[in-house]
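Step one of this worksheet: look at the structure below.
The values are calculated or read from the model by the stated rules, or taken from the named source; none is laboratory data. This is a predicted model, so every value here is computed, not measured. Quick reminder, even Gly has a Cβ in these numbers, built from the backbone with ideal geometry, and neighbours come from all protein chains shown.
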């Protein structure tokens, strides 16, 4: 009996011990995705009730950029407005649910960090929510009106604007998510620095290369007008410099290796 107890079992096998944490990790990921998805779904159904009011609010920048006599939006198919309502409702649900799914993201990430790194999880959680919302506000109240003024003003020189609901909502969704995600750049860089993957010296060394990449990225993520491209590139460059300053400050406080 003593010898039988000392024999390795499936539970004691080293390979099995490596698999079980991964399975537990995937189970946790699934539960957090489900929890986030439920919140997004509930908010989506709620916003569908007020989708017309939501779309009326989102078209304000367009109405301000168009001539007074022109109609703001047109539609070319019976389903176009309904699909636009679905898009804006889902967009609003994702934005309003960002504290929930960002909370679950950081809670899922925390077990993979060292003990000294976990103290940054809560500040990073709050910062990611603030930067996500700041990117959306900056896009909607600063960049979008300037871009629409430029694009419509240029178009009025050669024709009459006929802007469809689908085109406007698609441009709006792309711009809002582009700015919301790009505004997370300094947080990602600081996180990589805390994990020891980069440092402030690396960011300074590759500054010129990163600047070219930011310009290319802004051209790909925004409509083909200089206003929105510059409006996206300038904040990203500023946040890149901010990440260098924050990382340099953290490196000074860090104990020697």
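Annotations
- A single member of 41, 29 is at pLDDT 90 or above, assigned to a helix (DSSP H, G or I) and exposed (fewer than 15 other Cβ atoms within 10 Å of the Cβ), and it is 41.
- With respect to (1) at pLDDT below 85; (2) in contact with a helix residue (DSSP H, G or I) (Cβ under 6 Å, 6 or more places away or on another chain), the lone exception for residue 187 is condition (1).
- Members of the range 224-236 that are in contact (Cβ under 8 Å) with a residue 24 or more places away in the chain and surrounded by fewer than 17 Cβ atoms within 10 Å (Cβ to Cβ): 225, 226
- Given (1) in a helix (DSSP H, G or I); (2) touching a helix residue (DSSP H, G or I) at 6+ places or on another chain (Cβ under 6 Å); (3) at pLDDT below 85, number of the condition residue 21 does not satisfy: (2)
- For the criterion of being touching a helix residue (DSSP H, G or I) at 6+ places or on another chain (Cβ under 8 Å), touching a residue at least 24 places away in the same chain (Cβ under 8 Å) and closer than 30 Å to residue 75 by Cβ, residue 170 passes.
- Wholly within the range 109-217, helices (runs of 4 or more DSSP H) carrying at least 3 residues that are surrounded by fewer than 16 Cβ atoms within 10 Å (Cβ to Cβ): 115-118, 121-138, 144-156, 165-182, 200-205
- You will find that of 97, 35, 72, 65, the residue that is surrounded by 16 or more Cβ atoms within 10 Å (Cβ to Cβ) and modelled with pLDDT of 90 or more is 97 and no other.
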